[in-house]
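Everything below concerns the one structure shown next.
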Amino acid sequence: MPAAPDRPAPPDSLLLLFETTHAAMEAEEQIINGGFWCEVVPRPPEVATAQCGLAIEINTADREDVSGILAKAGIEFEPYSQKGESDA
């Protein structure tokens, strides 16, 4: 798997939540291959809707591009803001 672009975590980030670990890992690969920064992080403990224990943090500014990449790959996710509010 290619390495993520070498960028620090953005000040304004968004979490992507997944139903399965497989979906989260595939999403990470697709996002990195698309040239965008992301980081796999633990799912926030207050989130009960996602079955997967992982989430992916992305730069909020990349949301539309990343959403398009994941849609094209057939990967479903739920956006979750760092402020604790679902963006779905």
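No value in this document is a laboratory result; all are computed from the given coordinates. Owing to the predicted nature of the structure, the values given are computational and were not obtained by experimental measurement. Glycine also receives a Cβ, built like all others from the backbone with ideal geometry; neighbour counts cover every protein chain displayed.
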**Prompt:** Restricted to segment 13-50, and to residues that are of a type in the set (Ser, Thr, Tyr) and assigned to a loop (DSSP other than H, G, I, E, B), which residue is farthest from ALA73 (Cα to Cα)?
**Reply:** THR49
**Request:** Being under 16 Å from LEU14 (Cβ atoms) and more than 12 Å from the chain's Cα centre (by Cα) is the filter here, so list the residues in segment 66-77 that pass it.
**Result:** GLY68, ALA71
